[in-house]
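Engineer: Quick one: structure below, then a few questions.
The values are calculated or read from the model by the stated rules, or taken from the named source; none is laboratory data. Please read these numbers as outputs of a predicted model, since none were measured by experiment. Quick reminder, even Gly has a Cβ in these numbers, built from the backbone with ideal geometry, and neighbours come from all protein chains shown.
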Amino acid sequence: MKKVISILLVLMMVFSLAACSQPAEAPAPAPAPAPESSSPETPAPAPEPAAPKGTFEGKVAIVTNTLSQNEEEYRSAQEMVSRYGEDKIVHELWPDNFMTEQEQMISIVTKLGSDPEVKALIVNQAVPGTTAAVDKLLETRDDMFIVYCSPQENPPDVVQRANITLQFDELGMGSTIPEQAQKLGAKTFVHYSFPRHMSIVMLSARRDLMKAKCEEIGIQFVDAVAPDPTGDAGVPGAQLFILEDVPKMVEKYGKDTAFFSTNCSMQTPLIKASVDEGAIYPQPCCPSPYHGFPSALGIESVGYTTDAMAQVISETAKKLDESGVLGRFSTWPVPVAMMNTIAGAEYAIKWINGEVGDELDVAVLEELMTEYANGIKVTTTAYSENGEEFDTFRLIMMDFLTYSPEHIIN
């Protein structure tokens, strides 16, 4: 009976999951023209109109994943449309199965570049195939300001094409996530992944750093192999594995076990199982109050404004409190995927208006990020590889939000 219930839970969850900042785990239907729901029960409203912004000459193009692949990225572009209007912000979508649709990706970017009014291109996510598409664009439009968000191709190649590259600090998280897990009471740290993700340099390096940090601070590190969601069992099989394996891990290592997975489709079952077992969950793979928490805890999404985000955080804290695990779950205070699109686009607009030059002004970029984060400090550092530092490739770090009674809005 328990396995049947788990299967039903998986089937309910799979339709509400977004793709990770890694390649999509399974093709999904193209989104309807109107925004869909982030919850199966209640539609999430479109972003509320922001305060009026200044104008600029030309247009900014934003390419995101579809709503079904990653809602936060999709909503971030819609927020920019809300700010400036459809005549200024052009929002295009990558194909759902972008790994097999490289020619379509090239076509999308080439079409945007054929409009001389388009002065800047923001890509979130810069999935595999983005560089080939941008190379085609640069054959005729080397005057375009280009921002890559969460790139999945070789960093030295990326910086040759992008004016700015934005990525949350995967390597820094190799230390911060185990340290946060320890603060939450963890004595064991379980890392779920699979060979395809471990072939990605950043993710593999982060895993090694996590293991080393755990050994340094006295936490047992458990390297757990999960099914690849692109394998024969698909996303449902991977989710079912998580739902069934977490209780086994807790039985073996105790409730003071922290769980982390590299895959987005696993976050909802991982949060749910961790709550049910009274375990610890330091952070989703993509830091955000929206990533996995609402769907795992049955919270109806109420939008993406500052007030709406506070409400989601409050409802999450209430659910965790009811389950007796408040203080054992955390994330970052804002959705980084949304912040990257909005801060990157606003910086590009400043470039179009001549307010910043061709050389990256890190202080201005961080100010735009902090503005989006409602005053919460955002810091960035330059990516370095083999002793070479790439100043335009910025790695983002924020403090944790640990769910506690103070987040509950009465």
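Engineer: Which residue pairs have Cβ atoms under 6 Å apart, sit 6 or more places apart or on different chains, and have a first residue in the stretch 54-71 that is over 14 Å from residue 94 (Cβ atoms) and a second that is at pLDDT 80 or above and part of a loop (DSSP other than H, G, I, E, B)?
Structural biologist: Hits for this filter: 56/353; 58/117; 59/88; 59/117.
Engineer: Right, another one. Which of the residues spanning the stretch 246-290 are of a type in the set (D, E, K, R) and in contact with a strand residue (DSSP E or B) (Cβ under 7 Å, 6 or more places away or on another chain)?
Structural biologist: 256
Engineer: Now a separate question. For residue 342, indicate whether it is closer than 26 Å to residue 127 by Cα, surrounded by 20 or more Cβ atoms within 10 Å (Cβ to Cβ) and modelled with pLDDT of 95 or more.
Structural biologist: Considered against the rule, which asks whether it is closer than 26 Å to residue 127 by Cα, surrounded by 20 or more Cβ atoms within 10 Å (Cβ to Cβ) and modelled with pLDDT of 95 or more, residue 342 comes out as yes.
Engineer: Filter the stretch 253-273 down to residues that are hydroxyl-bearing (Ser, Thr, Tyr), outside any strand (DSSP E or B) and within 23 Å of residue 326 (Cα to Cα), then give me how many there are.
Structural biologist: Qualifying residue count for the region: 2.
Engineer: Check whether at least one residue in the stretch 171-191 is closer than 29 Å to residue 64 by Cβ, out of contact with any strand residue (DSSP E or B) (no Cβ under 8 Å at 6 or more places or on another chain) and surrounded by fewer than 16 Cβ atoms within 10 Å (Cβ to Cβ), and report yes or no.
Structural biologist: Checking the stretch 171-191: not a single residue is closer than 29 Å to residue 64 by Cβ, out of contact with any strand residue (DSSP E or B) (no Cβ under 8 Å at 6 or more places or on another chain) and surrounded by fewer than 16 Cβ atoms within 10 Å (Cβ to Cβ).
Engineer: Okay, moving on. Check 250, 222 and return the single one that is without any contact (Cβ under 8 Å) to a residue 40 or more places away in the chain and in a helix (DSSP H, G or I).
Structural biologist: Result of the check over 250, 222: 250.
Engineer: Only one of these is of a type outside the set (Phe, Trp, Tyr), touching a Ser or Thr at 6+ places or on another chain (Cβ under 9 Å) and under 22 Å from residue 101 (Cβ atoms): 134, 118, 158. Name it.
Structural biologist: Just a single option satisfies the conditions, and that option is 158.
Engineer: I'd like to verify a number: residues in the stretch 274-283 that are assigned to a helix (DSSP H, G or I) and buried (at least 24 other Cβ atoms within 10 Å of the Cβ), how many?
Structural biologist: Qualifying residue count for the region: 1.
Engineer: If you take just the helices (runs of 4 or more DSSP H) that sit entirely in the stretch 286-362, which of them hold at least 2 residues that are out of contact with any helix residue (DSSP H, G or I) (no Cβ under 6 Å at 6 or more places or on another chain), charged (D, E, K, R) and touching a residue at least 12 places away in the same chain (Cβ under 8 Å)?
Structural biologist: 306-322
Engineer: Give me a count of the residues in the stretch 369-389 that are surrounded by 18 or more Cβ atoms within 10 Å (Cβ to Cβ) and more than 18 Å from the chain's Cα centre (by Cα).
Structural biologist: Going through the stretch 369-389 one residue at a time, the tally reaches 1.
Engineer: Same structure again: Counting only residues that are more than 16 Å from residue 393 (Cα to Cα) and either touching a residue at least 40 places away in the same chain (Cβ under 8 Å) or among the acidic types (Asp, Glu) (or both), give me the strands (runs of 3 or more DSSP E) lying completely in the stretch 87-180 with at least 3 of them.
Structural biologist: 89-93, 118-124
Engineer: Still on this structure, please answer the following. Look at residue 320 and say whether it is in the same structural domain as residue 259 (by TED's automatic domain parsing), of a type outside the set (Lys, Arg) and crowded, with 19+ Cβ neighbours inside 10 Å.
Structural biologist: Yes: the conditions hold for residue 320.
Engineer: If you go through the stretch 392-404 one residue at a time, do you hit one that is assigned to a loop (DSSP other than H, G, I, E, B) and over 27 Å from residue 305 (Cα atoms)?
Structural biologist: For the stretch 392-404, residues assigned to a loop (DSSP other than H, G, I, E, B) and over 27 Å from residue 305 (Cα atoms): absent.
Engineer: Would you confirm, using the coordinates I've provided, whether residue 244 is in a helix (DSSP H, G or I) and free of Cβ contacts under 8 Å to residues at least 24 places away in the same chain?
Structural biologist: For residue 244, the condition - in a helix (DSSP H, G or I) and free of Cβ contacts under 8 Å to residues at least 24 places away in the same chain - is not met.
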